[in-house]
Structure formats: C-alpha cells, structure tokens
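A.B. asks: Got a structure here, written out as structure tokens. Questions coming.
The values are calculated or read from the model by the stated rules, or taken from the named source; none is laboratory data. Remember, it's a predicted structure, so these values are computed and weren't measured experimentally. Here the Cβ positions follow ideal geometry from the backbone for every residue, glycine too, while neighbour counts run over all protein chains shown.
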Amino acid sequence: MSHSIRLRGPWEWGLIESLDSRETPQRIELPVDLGRWTPPGATVWLRRRFNAPTGIGKTDDVALQLSGLEGEILALELNGHRFPCSTESSHSLDIHRWLDAHNVLTITLRRDGGHPVGLLGSATIVIVPPPCEDDRPVPPERG
C-alpha cells in the first residue's frame with residue numbers, strides 16, 4: 001500500500017537574482033501563482049525544505065509528483081541533483097537515491113508573457129513498498 005506526503009508548505013520563492021542573496025525569501029503555501037508579483041519574462045525560484053520521510057525501505061519506490069507547474073520549466077533540483085525537465089505541467093521524479101536526512105527541492109521557472117507562473121497544483125512524495133510475499137498471485141494447484 002502506498003503512502004503520500006503532501007509538500008504544501010511552507011515554500012519560499014524569489015526572483016532568480018535573489019536565490020543566493022541575503023534577501024529574506026517570501027513564504028508561500030501551495031497552490032500559488034506568482035504572476036501577480038513578477039513581470040513578464042521574469043525568472044523565479046520556488047524552494048521547499050523537508051526532512052526525509054521515516055520508514056523508507058531500501059527497495060521502496062519513492063517519487064516526487066509535481067502537478068500544475070506553470071511557466072517555462074528551467075530546472076528541477078533535489079539536493080543539487082538536476083532532473084530532466086519537459087514542457088509538461090506534471091512531472092513524476094524518482095527521488096529515492098537523492099534523498100538525504102535534510103532535503104532542499106528547488107524549482108526554477110520563467111514567466112512566459114502575461115501567463116501564470118508557479119506551482120498551481122501540488123507537490124507530493126509517494127512511497128510505494130515492494131509487493132509482499134502474500135500479495136503474489138497463488139498458482140493453481142495441479143492435480
């Protein structure tokens with residue numbers, strides 16, 4: 001049976017120029033459209049810090065599911081590891097091997113014209129353990 005953890009908040013965000021600056025990032029909760037605070041063509045980052053979920057087994061599948069990404073997706077990173085991006089608004093990323101005790105997820109987006117930019121859907125960690133011995137189909141008896 002799978003287990004889900006919603007990464008609703010708190011998230012931080014800022015303009016790309018401020019990612020490494022000493023400015024205090026703005027705190028937000030999901031879902032969020034940053035378009036009202038950013039000019040067209042601006043590049044923004046969203047960052048979520050979280051601890052590793054407890055009880056994850058070595059053979060469990062652990063995925064980060066992102067839905068409702070709006071804007072041009074420039075980067076999806078977990079703890080400095082960059083995942084491939086697509087133009088799709090939803091992504092499912094296998095994150096098990098990249099999880100640490102303390103994690104930082106960073107999403108970088110560019111606002112396209114007057115369109116929304118941000119995470120208008122959700123961010124969820126989904127943990128799926130491997131099938132148990134009892135879950136395997138029982139072969140029919142031969143007689």
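A.B. asks: Please enumerate the residues belonging to the stretch 87-105 that are over 20 Å from PRO31 (Cβ atoms) and either at pLDDT below 95 or surrounded by 13 or more Cβ atoms within 10 Å (Cβ to Cβ) (or both).
C.D. replies: ILE95, HIS96, TRP98, LEU99, ASN103, VAL104
A.B. asks: Please go through the stretch 1-35 and pick out each residue that is modelled with pLDDT of 85 or more and among the small types (Gly, Ala, Ser).
C.D. replies: Within the stretch 1-35, SER2, SER4, GLY9, GLY14, GLY35 meet the criteria.
A.B. asks: What is the residue count in the stretch 53-83 for residues that are modelled with pLDDT under 95 and exposed (fewer than 13 other Cβ atoms within 10 Å of the Cβ)?
C.D. replies: So the count comes out to 5.
A.B. asks: Let me ask you something else. Working carefully through the options PHE83, PHE50, find the one that is out of contact with any helix residue (DSSP H, G or I) (no Cβ under 6 Å at 6 or more places or on another chain) and under 19 Å from PRO25 (Cα atoms).
C.D. replies: Numbers: PHE83 fails: under 19 Å from PRO25 (Cα atoms).
Being out of contact with any helix residue (DSSP H, G or I) (no Cβ under 6 Å at 6 or more places or on another chain) and under 19 Å from PRO25 (Cα atoms) holds for just one of PHE83, PHE50, which is PHE50.
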